[in-house]
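Working notes for the structure below.
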Amino acid sequence: MKSDNVKHILVADDSAVMRGFIAGELNAHGYATETASSGQEVFEKLRLKKFDLLILDLLMPHTSGLEVLAQIGTSGPPTIVLSADVQTATKNECRDLGAKAFLNKPPEKDLLLKTVVEVLGAAL
């Protein structure tokens with residue numbers, strides 16, 4: 001059973017190194033994390049469990065982060081998008097699809113944690 005005070009975060013990125021880095025930082029700060037390496041895996045995990053937050057890479061094989069955003073819309077958990085694509089049009093498209101925040105890859109530890117706290121606080 002999920003403890004009310006521990007926030008559960010799904011980290012989705014096709015890079016094992018990036019998943020490990022983000023999940024490790026979040027775990028070290030008291031968050032419970034699970035990871036997904038593809039958009040399809042995100043859908044599977046969201047069907048099985050309720051997450052408080054989704055951290056989502058845009059460029060993943062088969063089902064992109066944009067496709068995930070478009071399909072889950074506002075019915076999914078609040079989402080922070082990660083991408084090396086820093087174009088304003090991409091950021092705007094993510095926000096239009098429901099993303100709460102956008103971080104450039106690789107995210108700085110402090111900015112990652114600050115953004116997670118802000119998005120989780122806004123979701124309460």
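Among the residues of the range 36-50, how many are charged (D, E, K, R) and out of contact with any Leu (no Cβ under 9 Å at 6 or more places or on another chain)? Outline the logic, then answer.
Initially, the range 36-50 is screened for residues charged (D, E, K, R), giving 41, 44-45, 47, 49-50.
This time we only want the ones that are out of contact with any Leu (no Cβ under 9 Å at 6 or more places or on another chain), so: 41, 44, 47, 50.
Here the count works out to 4.
Assess whether T63 counts as being in contact with a Gly (Cβ under 7 Å, 6 or more places away or on another chain), surrounded by fewer than 18 Cβ atoms within 10 Å (Cβ to Cβ) and not aliphatic (A, V, I, L, M).
Answer is yes for this residue.
Out of L56, L10, L46, which single residue is over 17 Å from V116 (Cα atoms), touching a helix residue (DSSP H, G or I) at 6+ places or on another chain (Cβ under 8 Å), buried (at least 19 other Cβ atoms within 10 Å of the Cβ) and touching a residue at least 12 places away in the same chain (Cβ under 8 Å)?
Checking each option against the conditions leaves just L46.
Quickly run through the range 69-110 and pick out the residues that are surrounded by 12 or more Cβ atoms within 10 Å (Cβ to Cβ) and among the aliphatic types (A, V, I, L, M).
Hits for the range 69-110 are L69, A70, I72, I80, V81, L82, L97, A99, A101, L103.
Being farther than 19 Å from D14 by Cβ and among the β-branched types (V, I, T), is that true of even one residue in the range 46-63?
no
Of the residues in the range 78-102, how many are hydrophobic (A, V, I, L, M, F, W, C) and under 10 Å from the mean Cα position of the chain (by Cα)?
So the answer is 6.
Quick grid of which residues meet (1) acidic (D, E); (2) touching a Lys or Arg at 6+ places or on another chain (Cβ under 8 Å); (3) modelled with pLDDT under 95:
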position	(1), (2), (3)
S3	no, no, yes
K7	no, no, no
V11	no, yes, no
G24	no, no, no
A28	no, no, no
Y31	no, yes, no
T35	no, yes, no
F51	no, yes, no
M60	no, no, yes
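Name the pairs: first residue in the range 67-87 and over 14 Å from L53 (Cβ atoms) and without any contact (Cβ under 8 Å) to a residue 60 or more places away in the chain, second residue of a type in the set (S, T, Y) and surrounded by fewer than 23 Cβ atoms within 10 Å (Cβ to Cβ), Cβ to Cβ under 8 Å, at least 6 apart or on different chains?
Here the result reads S83/T90, each pair linking the range 67-87 to a residue that is of a type in the set (S, T, Y) and surrounded by fewer than 23 Cβ atoms within 10 Å (Cβ to Cβ).
For K114, indicate whether it is among the charged types (D, E, K, R), assigned to a loop (DSSP other than H, G, I, E, B), surrounded by fewer than 16 Cβ atoms within 10 Å (Cβ to Cβ) and free of Cβ contacts under 8 Å to residues at least 60 places away in the same chain.
Spelling it out, it is not the case that K114 is among the charged types (D, E, K, R), assigned to a loop (DSSP other than H, G, I, E, B), surrounded by fewer than 16 Cβ atoms within 10 Å (Cβ to Cβ) and free of Cβ contacts under 8 Å to residues at least 60 places away in the same chain.
The values are calculated or read from the model by the stated rules, or taken from the named source; none is laboratory data. Note that the structure is a prediction, hence the values are computed from the model and not measured. FYI the Cβ positions are ideal-geometry reconstructions off the backbone, even for glycines, and counts take in every protein chain you see.
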